[in-house]
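Since the structure comes first, as structure tokens, the remarks are kept for the end.
The values are calculated or read from the model by the stated rules, or taken from the named source; none is laboratory data. Everything numeric in this text was worked out from a predicted model, so none of it was measured. All Cβ positions, glycine included, derive from the backbone under ideal geometry; neighbour counts span all protein chains shown.
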Amino acid sequence: MERAYDVLLALPESDSVTFFKRHEHQKALDSGDQQAACWHLFWDAYNWLKLFCYVSAFKARQLTAAVVHAYNTDNFLAWTILGRSTLEYAAVSYYFFRKISLLQMKGPHFAGSHLKAFEELMLQFVHGTRFNWPDLLAGDRDRLSKDYPPSGSSKAVNVLTAIKHLSRRDERYHDVEIAYAMLSDFAHPNMASHATVITMPTGPTDGHESEVAANPGPLRGEFIMVITLPWVSTGVGTTVELLMQAFPLLEAWLDYVEQGATVTIDFGQ
């Protein structure tokens, strides 16, 4: 996990993304300049990919920093809750990365259907949600109280679906669904999470005595780390591994941008 975190820390602190407006796409199309129209579409695809890579990377960095802090401060409850999130982020990243990898995106010649499918994936990645944000931001409390889940294409990828996809990636992830269920028991107010504030017994006690403590001590910490650390490391490492596979495509597209490459799109494909 430390090596993965170092990779995240080595990334730039920020970047920017820009997209053409609809009327600008229409203007390029109406001009009859096919190269300009193709370039507009490619530029947006390049920025979608940049957004996907850096949003994933910066969120992974924040999450890993929080996990490390929880580890260093013996905050076992925070560790397990955040640890579950590392698997969720890894699974959702894999869900999108796998779908992107099935498309022919190397360029500079693109199939129109593949470019369209890529943009639809990126729209789902960016706008996917489990909550009805438009009504909340509009201050429409009545509609929100009647229907707070999102509707239509704005629904986020189901995490359990993403975890199942990850379990099929290779042998390393064969038991990821079991690990996720275990970490979920820690994340919810269930038996496992109670254990984060109960000391480990060191021997027989009278009357099944247990000690409840804000800091349950190193034995409890050792128990929690033995069963969770491998999977937390897997979560962080998987996200970074996927990013390292995505960034070469981003770099190739950046070369097209900087060199002013001739980008073509076959709208019949």
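Among the candidates Ser113, Ser145, which residue alone is under 27 Å from Ala246 (Cβ atoms) and over 13 Å from the mean Cα position of the chain (by Cα)?
Working: Ser145 fails: under 27 Å from Ala246 (Cβ atoms).
Answer to the selection: Ser113.
Any idea how many residues of segment 5-26 are crowded, with 16+ Cβ neighbours inside 10 Å and under 25 Å from His69 (Cβ atoms)?
4
Within segment 4-49, can you find the residues that are charged (D, E, K, R) and more than 29 Å from the chain's Cα centre (by Cα)?
Residues satisfying the conditions are Glu24, Lys27, Asp30, Asp33.
Note down all Cβ pairs under 8 Å where the first residue falls in segment 154-178 and is on the phi < 0 side of the Ramachandran plot and small (Gly, Ala, Ser), the second is surrounded by fewer than 14 Cβ atoms within 10 Å (Cβ to Cβ) and in a strand (DSSP E or B), and they're at least six residues apart or on different chains.
The qualifying pairs are Ser154/Thr129; Ala156/Thr129.
Residues Leu8, Leu77, Leu87: which one is in contact (Cβ under 8 Å) with a residue 24 or more places away in the chain, more than 22 Å from Glu120 (Cα to Cα) and in contact with a Lys or Arg (Cβ under 6 Å, 6 or more places away or on another chain)?
On the way: Leu77 fails: in contact with a Lys or Arg (Cβ under 6 Å, 6 or more places away or on another chain); Leu87 fails: in contact with a Lys or Arg (Cβ under 6 Å, 6 or more places away or on another chain).
Just a single option satisfies the conditions, and that option is Leu8.
Name the residues in segment 169-183 that are assigned to a loop (DSSP other than H, G, I, E, B) and among the charged types (D, E, K, R), would you?
Across segment 169-183, the qualifying residues are Arg169, Asp170, Asp175.
In this structure, does Phe42 turn out to be surrounded by 18 or more Cβ atoms within 10 Å (Cβ to Cβ), more than 30 Å from Thr196 (Cβ to Cβ) and touching a Gly at 6+ places or on another chain (Cβ under 9 Å)?
Against the criterion (surrounded by 18 or more Cβ atoms within 10 Å (Cβ to Cβ), more than 30 Å from Thr196 (Cβ to Cβ) and touching a Gly at 6+ places or on another chain (Cβ under 9 Å)), Phe42 qualifies.
Considering only segment 118-168, state which residues are aliphatic (A, V, I, L, M), outside any helix (DSSP H, G or I) and loosely packed, with under 14 Cβ neighbours inside 10 Å.
Ala138
Please specify each residue of segment 115-152 satisfying the condition of being touching a helix residue (DSSP H, G or I) at 6+ places or on another chain (Cβ under 7 Å) and either farther than 27 Å from Ile100 by Cβ or modelled with pLDDT under 85 (or both).
Listed by number, the residues that qualify are Asn132, Asp135, Leu136, Arg143, Leu144.
Looking at segment 179-203 only, could you name the residues that are under 22 Å from Leu219 (Cα atoms) and touching a residue at least 24 places away in the same chain (Cβ under 8 Å)?
Within segment 179-203, Ala179, Met182, Leu183, Ser184, Phe186, Ala187, Ala192, Ser193, Ala195, Thr196, Val197 meet the criteria.
Please specify each residue of segment 65-103 satisfying the condition of being of a type in the set (Phe, Trp, Tyr), over 16 Å from the mean Cα position of the chain (by Cα) and surrounded by fewer than 22 Cβ atoms within 10 Å (Cβ to Cβ).
Tyr71
Residues of segment 184-212 being hydrophobic (A, V, I, L, M, F, W, C), surrounded by 11 or more Cβ atoms within 10 Å (Cβ to Cβ) and either modelled with pLDDT of 90 or more or not in a loop (DSSP other than H, G, I, E, B) (or both), which ones?
If the condition is that a residue be hydrophobic (A, V, I, L, M, F, W, C), surrounded by 11 or more Cβ atoms within 10 Å (Cβ to Cβ) and either modelled with pLDDT of 90 or more or not in a loop (DSSP other than H, G, I, E, B) (or both), then Phe186, Ala187, Ala192, Ala195, Val197, Ile198 are the ones that fit.
Just give me the residues in segment 93-117 being closer than 20 Å to Asp266 by Cα, of a type outside the set (A, V, I, L, M, F, W, C) and outside any loop (DSSP other than H, G, I, E, B), in sequence order.
Ser101, His109, Gly112, Ser113, His114, Lys116 - these are the residues of segment 93-117 that are closer than 20 Å to Asp266 by Cα, of a type outside the set (A, V, I, L, M, F, W, C) and outside any loop (DSSP other than H, G, I, E, B).
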